[in-house]
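What follows is a single structure, written as structure tokens, with notes after it.
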Amino acid sequence: MTKDVDLGKFLTQEQHRVHLIGVAGSGMSGIAGLLLQLGHDVSGSDKLDSTETRRLERLGLKFYQQHRSEYAADAELIIYSSAIKLENPILKNARESGKRAVRRAQALAAIMSGKRSILVVGMHGKTTTSAMTAHVLREGGLHPSHYVGAEIPILGTNAHWDARGEYFVAEGDESDGTIALFHPEHALVLNIEEEHLDFYADLAAIEKTFDQLLGQTSGKVFFCADDPHAARICRSLDRAICYGLSENADYRAAEIKPGNFASSFSVCHDKEKIGEAVLNVPGEHNVRNALGVIALATELGVPFEKIAKALTKFQHARRRFEIKYDSPRFLLVDDYGHHPTEIKATIKTARSVGRKRVLTMFQPHRYSRTKLLRKEFGLAFDQADRVVITDIYGSNEAPIPGVSGQMIADEIAAHGHRGVSYQPRLEWAHRDVGNMLDSGDLVLSLGAGNIHEQLSILAADLVIAEKIKEIVGEDGDVRLYEPLSKHTTLRVGGPAQFWVEPRNEKAFSELIRFSRRENLPLFVIGRGSNLLVRDGGLRGVVAHPSGSDFDKIDIHGNEIAAGVGAKLKEIAYAARAANLGGLEWMEGVPAVVGGALRMNAGAMGCQTFDHVASVRYLDREGNAHTKRRDELEVHYRDFPLLKENFAVSATFRATPAAREQIETKLHESQEKRRTTQPIAKSAGCIFKNPASCPAGKLVDELGLKNSAVGKARVSEVHGNFIVNEGGATAADVLELIDQIKKEAKAKRGIELETEVQIVGELA
Ligand code: EPU
């Protein structure tokens, strides 16, 4: 295509009515901004509105959230995004009525023809480098206009027309071949490699497009000498200037010192040192990008001191190694990288920051790229300790059968990486990574889709988790998204948003106050033996008071004082050691004191409160109280006080007995359990015993033993137990409970009431 002089004049020297289809897109909104600044009457349509369209509306854009041909009836020119299909009513109408309709790149090329244009091209680093170029030229006093593909805080907006300056800096988009539409004065070529293979047949086709652009470039071609493809294509051109770390580069960086999110280096021109530069964006690849900018600005006459000063001030575009959370224990970084080369470079940068481990979550972008670059993706994560791959962000592509995130996870594993997993539900990615977190970790979210939202959720929860950590201190434990299947005897249940193990009463009490202040639900788990947590897990704080004071058992005369974390079994043994009887039944109950109190657990015809002398608990304000047994209201499998309060410890009363007698009773309990209860994973008895008939007997008589839903099955040994055969879900168990209840009601008229506590959200 030849240079479109008429369109250039139409757009930069005259004023017209122009309509943009797909105006909310990051590229299209930039064009709309430029047209408004050039004095045109601009309208635009998009199915979505955005902060950008709202900003542009304030500047005069007429925005329509629908594509209707009448909205563009008056327009003299239509500009459309590559994402717009031919059947779009505005585009269709324009074509049928012979109205001029041009693509985004064509409009941009025409606008740029009104200035001395500089085009930044390459597969990786364009947005950063074009923004850096515009910033350096601006600081150098050249008043450049610019157009870059993302919002750049330091530049103010993604596009700007400055009538005072001669230059126009733009980011060229090679993805659809439209860089061949440009006739820039200067070009800055960052790198060339296989990418966008949905559009290009192969590397040769990509190189051909670049060749054409360079043939249309009237001034200088700046290229990176360290990139083999860029170097091969550009080296032989007259007016070519190369930069890089290579010895033979015209502009070269030496003595690179990587810092925390920054680099400093010396710059040589034709082997002569011209000065020192400090760049406040991390990574060796950005040192190269900065060198390209230094070369270009120097050749345009900006003094090195001004360039260096501007570089120190330069700040990144959003989503380019963007720090989302930074504390001494954790660092969360988001990056737009979605091509294997970018991923490798970004992980390398993350490594160089000096934290202990690098955990990544990657959302592949486009089915076509995933399929074509699967091998390269397999090699890109070597330097990450853990990798969570989500499903693909399709962009505007339709799925390709058999192509999913699993494909990349498999390639990474096949390459020998041991820390890779696949999470098909994007909204759970933050949980997987969050649960792996350990002090000293850097978390990196990667991808051009919406994975950054997952990192934001993680960052928000981490703020709270760190505050809780301060409360529970060094010896307390805080974990995010801890799977409760690990903490229930039935081995089912989704994650706890904040899993907290306080080690003493003071920490527990402060945790209660904190949860109340922050409006976080607080749930306490002991051994998780009579508990069924739904598959969506528990929101808020799940406290597990354990260790230290909470596990203590002390004997004073006939009384045994125990913390809520102490196991009933241990109490039975401690009593035996002190020749105290009456508590033998505790041997067979898989609970800790807290759980046993909360549900007045029992076995062998005894129950917890038969032996309780006093209970110490914290109220909802975190204040401690101690109550004697006679002050407490207690029922069969129910102790209402602990519905709103939190037990800390209890004192049990026992009776001196002969050792032999104690041994006999312990043995009886063991035998009863061994012969009548299953050993498989279960939540203990599911139902309370109705007055008319023990629940186990009832289920047995109904013939429901052995019935199953998924991997949950009614035990053959005891009808009141549901066992997890491995991999059962809470949904399976709940469905089975429901079936039993319905049968009991229909056949025997008995309303079974669950004894297990059922909590949590649906998945
Ligand atoms: N039975 C059957 N078929 C069965 C199960 C039981 O016919 O499949 C009969 C038994 O033969 C017995 C009666 O039902 O005649 C009661 O059974 P069991 O003696 O096993 O006691 P349970 O009432 O089912 C209670 C507690 C258990 C505790 C045992 C042992 C309840 C709901 N359950 O069971 O506690 O371990 O006594 O003392 O009170 C728990 O609460 O989680 C728990 C396991």
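The values are calculated or read from the model by the stated rules, or taken from the named source; none is laboratory data. Keep in mind it's a predicted model, so treat the numbers as computed, not measured. Because the Cβ atoms are built from the backbone with ideal geometry, glycine has one as well, and the counts that use them run over all protein chains shown. Note: areas computed on protein heavy atoms with side chains; ligands, DNA, RNA excluded. Shrake-Rupley method; radii C 1.70, N 1.55, O 1.52, S 1.80 Å.
With the gyration tensor restricted to C-alpha atoms of the range 531-577, the semi-axes of the equivalent ellipsoid amount to 30, 12, 7 Å, longest first. Of the accessible area of the chain, computed with a 1.4 Å probe over protein heavy atoms only, carbon and sulfur atoms account for 48 percent.
Here the extension length gained between R235 and E668 equals 146.9 nm, from 0.36 nm per residue of separation less the Cα-Cα distance.
Take the range 156-281 with all the other protein chains still there, run a 1.4 Å probe, and you get 42 Å² of accessible area per residue. Computed from Cα atoms alone, the Kirkwood hydrodynamic radius reported for the range 421-480 is 12.5 Å. When the trypsin sites (Lys or Arg not before Pro) in the range 417-515 are filtered for DSSP coil states and for at most 16 other beta-carbon atoms within 10 Å of their beta-carbon, the remaining sites are R418, R425. Selection among A345, L373, V287 by position relative to the dipole of the range 228-375 gives L373 as farthest towards the positive end (Cβ unit charges, Cα centre). Here the chain carries DSSP beta bridges of which approximately 50% are antiparallel, counting only pairs with both residues inside. Heavy-atom accessible area for H143, with the other protein chains in place and a 1.4 Å probe, reaches approximately 70 Å².
Here the dipole of the range 181-305 is about 280 debye; that uses its Cα centre as origin and unit charges on the Cβ of Lys and Arg (positive) and Asp and Glu (negative).
Farthest toward the positive end of the dipole of the chain, out of A101, V533, L38, is the Cα of V533, where the dipole comes from beta carbon charges about the Cα centre.
Under the simplified labelling scheme, the R659-Q212 pair shows an inter-label distance of 9.6 nm, with each label point 7 Å from Cα along Cα→Cβ. Estimated from helical segments only, the mean residue ellipticity of the chain at 222 nm is -9500 deg cm²/dmol, where each DSSP H run of four or more residues counts as -39500 (n - 2.57).
For q values of 0.17 Å⁻¹, compute log₁₀ I(q)/I(0) with the Debye formula on a Cα-only model of the range 253-411, without solvent. Taken in order of the listed q values, log10 I(q)/I(0) reads -1.00. A convex hull fitted to the Cα coordinates of the range 618-763 yields 174 cubic angstrom per residue.
Proximity of backbone amide H atoms, modeled 1.01 Å from N, is registered between M361 and V388, L444, S445, L446 at under 5 Å, excluding neighbours fewer than 5 places apart on the same chain. Rolled with a 1.4 Å probe across the full set of protein chains, the surface gives E96 an accessible area near 130 Å². For the chain, averaging the sequence separation of C-alpha pairs within contact (under 8 Å, six or more residues apart) and dividing by the residue count gives a relative contact order of 7 percent. The listed residues R138, R320 rank as R138, R320 when sorted by accessible area, largest first, using a 1.4 Å probe. The phi-based Karplus calculation (6.51 cos²θ - 1.76 cosθ + 1.60; θ = phi - 60°) puts the 3J(HN,Hα) values of the range 559-571 at 10, 10, 9, 9, x, 5, x, 6, 7, 4, 4, 5, 5 Hz, whole numbers, x for Gly and Pro. The share of alpha-carbon pairs in the range 512-623 lying farther apart than 17 Å comes to 58%. The H on the amide N of D250, modeled in the peptide plane, is under 5 Å from the matching H of C242, Y243, each at least 5 residues off or on a different chain. For the pair the range 225-249 / the range 122-162, the C-alpha centres are spaced 23 Å from each other.
Across every pair of non-identical alpha carbons in the range 26-163, the mean reciprocal distance, once inverted, gives a Kirkwood radius of 15.9 Å. Distance distribution P(r), the range 159-224, all Cα-Cα pairs, bin width 10 angstrom from 0: 19, 49, 25, 6, 0 percent. The Cα-based radius of gyration of the chain, divided by its Kirkwood radius, gives an Rg/Rh of 1.12. With every protein chain in place and a 1.4 angstrom probe, the accessible-area ranking of E753, E322, largest first, reads E753, E322. Once the gyration tensor of the Cα atoms in the range 1-64 is diagonalised, the equivalent ellipsoid follows with semi-axes of 22, 13, 9 Å, ordered largest first. By the compact-protein rule of thumb, 2.2 N^0.38 Å, the alpha-carbon radius of gyration of the range 323-455 corresponds to a ratio of 0.96. About its Cα centre, the dipole of the chain is roughly 780 debye, where the only charges are +1 on Lys and Arg Cβ and -1 on Asp and Glu Cβ.
For the range 529-684, the relative contact order comes to 26 percent (Cα pairs under 8 Å, sequence separation of at least 6). The loop-placed chymotrypsin sites (Phe, Trp or Tyr not before Pro) in the range 159-247, going by DSSP, that have at most 16 neighbouring Cβ atoms within 10 Å of their Cβ come out as F199.
The heavy atoms of M407 offer some 30 square angstrom of accessible surface to a 1.4 angstrom probe. In percent, rounded to a whole number, the relative contact order of the range 547-621 is 22, using alpha-carbon pairs under 8 Å and six or more apart. Can you give me the Kirkwood hydrodynamic radius for the range 29-104, using every pair of distinct Cα atoms, in Å to one decimal? Mean inverse Cα-Cα distance, inverted, gives 12.7 Å. The residues of the range 283-354 expose, per residue, 37 Å² of accessible area to a 1.4 Å probe.
Over the range 676-715, the fraction of Cα-Cα pairs per 10 Å bin, rounded to whole percents and listed from the shortest bin up, is 25, 58, 16, 1. Here the average projected area of the convex hull drawn through the C-alpha atoms of the range 245-318 stands at 4.6 nm². Directionally averaged projected area (the range 493-578, Cα convex hull): 6.4 nm². With N counted as the residues of the range 444-539, its alpha-carbon radius of gyration over 2.2 N^0.38 Å works out to 1.18.
For the range 595-702, the equivalent ellipsoid derived from the Cα gyration tensor has semi-axes of 28, 21, 12 Å, listed largest first. One Cα centroid belongs to the range 26-97, the other to the range 283-348; the line between them spans 33 Å. Note on surface exposure: E633, E397 rank E633, E397 by accessible area, highest first, 1.4 Å probe. Legend: residue pairs K697/K741; K208/K371; K681/K742, Cα-Cα distance threshold 18 Å; pairs beyond threshold, K208/K371; K681/K742. Charged side chains reduced to their Cβ positions (Lys and Arg at +1, Asp and Glu at -1) give the range 664-754 a dipole of some 160 debye around its Cα centre. Considering only A159, N724, A459, the residue lying farthest towards the positive end of the dipole of the chain is N724, judged by Cα position with unit charges set on Cβ. Taken over the range 385-512, the ratio of Cα radius of gyration to 2.2 N^0.38 Å equals 1.25.
The fraction of Cα-Cα pairs per 5 angstrom bin, counted from 0 for the range 170-268, comes to 2, 13, 21, 21, 17, 12, 9, 5, 0 percent, rounded to whole percents. Rolling a 1.4 Å probe across the protein heavy atoms gives the range 602-729 an accessible surface of 52 Å² per residue.
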